[in-house]
Amino acid sequence: MERTFLMVKPDGVQRGLIGEIVGRFEKKGFKLVAGKLVTVSKEQAKAHYAEHEGKPFFDSLITFITSGPVFAMVWEGDDIIELSRMVIGKTKVTEALPGTIRGDYAAHTPFNLIHGSDSPESAEREIANFFDESELVLYAKSIATWV
Ligand code: YYY
Ligand code: MG
């Protein structure tokens, strides 16, 4: 069982797509472990996107991600990191296929609606950047054997 950090970005919150996005992961069969609406601080944003520091899009990315509330989440499932990134779609809108969240709803690359961790190491770091251990809810889903 694996965990990932998913975050509806400010554009997704403003466009009223939290429910649509959360619904896709629920229907896929993943388990929601934590979720909250938060305004990201500059420091938190820079820590979250540390791997991109120095790249040409870094400053505008930090401005964007701190421009309004995000919906931060922790989800759990087998191979969830790889699978959730398939549900999300490619980073560049011109490469994001229909049927993916970005392919269906994103029209410009920086405004691509959702973040998903890309490795177990990033997931652990990103979860810790947004959540206290005590905020993660441990429970069993009775439907688990059918998914
Ligand atoms: O993980 P993912 O969000 O798909 O892409 P990353 O390569 O980690 O980049 C983070 C974020 O930065 C991306 O969602 C949009 C933005 N970005 C950009 O505006 N221009 C690029 N050339 C690359 C990324
Ligand atoms: Mg990334």
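The values are calculated or read from the model by the stated rules, or taken from the named source; none is laboratory data. Because the structure is a prediction, the values reported are computed rather than measured. Here the Cβ is made from the backbone with ideal geometry for all residues, glycine too, and neighbour counts use every protein chain on show. Ligands, DNA and RNA are excluded from the accessible area calculation, which covers all protein heavy atoms including side chains. Shrake-Rupley method; radii C 1.70, N 1.55, O 1.52, S 1.80 Å.
So here's what we get for this one:
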| item | result |
| --- | --- |
| Positive minus negative residues near ALA128 (Lys, Arg vs Asp, Glu; Cβ under 13 Å) | -4 |
| 14 Å beta-carbon shell around VAL70, net charge (K/R +1, D/E -1) | +2 |
| Alpha-carbon Rg/Rh ratio, for the chain, with Rh computed the Kirkwood way | 0.94 |
| Peptide ranges 66-73, 92-99 listed from the most packed, as the mean C-beta count within 10 angstrom indicates | 66-73, 92-99 |
| Rg over Rh [alpha-carbon atoms, Kirkwood Rh] for the stretch 1-62 | 1.01 |
| For the chain, size of Cβ-based charge dipole, Lys and Arg +1, Asp and Glu -1, in debye | 500 |
| 0 to 90° range, to nearest 10: angle between helix 18-28 axis and the chain longest Cα axis | 40 |
| Estimated [θ] at 222 nm from DSSP helical runs (n ≥ 4, -39500 (n - 2.57)) normalised by residues in the chain, nearest 500 | -10000 deg cm²/dmol |
| With every protein chain in place, the stretch 2-142: carbon and sulfur % of accessible area (1.4 Å) | 54 |
| Rel. contact order, % - alpha carbon contacts under 8 angstrom, at least six apart, the chain | 36 |
| Among MET73, THR94, PHE30 - extreme Cα towards positive end, dipole of the chain, charges at beta-carbon | THR94 |
| Efficiency of FRET between GLN14 and ALA144 - r from beta-carbon atoms, R0 35 angstrom, step 0.05 | 0.55 |
| Å² of accessible area per residue within the stretch 12-132, as computed with a 1.4 Å probe and no ligands counted | 52 |
| Positive-pole candidate from HIS52, GLY19, ALA140, dipole of the stretch 19-141, charges at beta carbon | GLY19 |
| Protein-only accessible surface order, largest first, of HIS108, HIS115 at 1.4 Å | HIS108, HIS115 |
| At R0 = 22 Å, FRET efficiency that the Cβ-Cβ distance of LYS28 and GLU95 yields, to 0.05 | 0.55 |
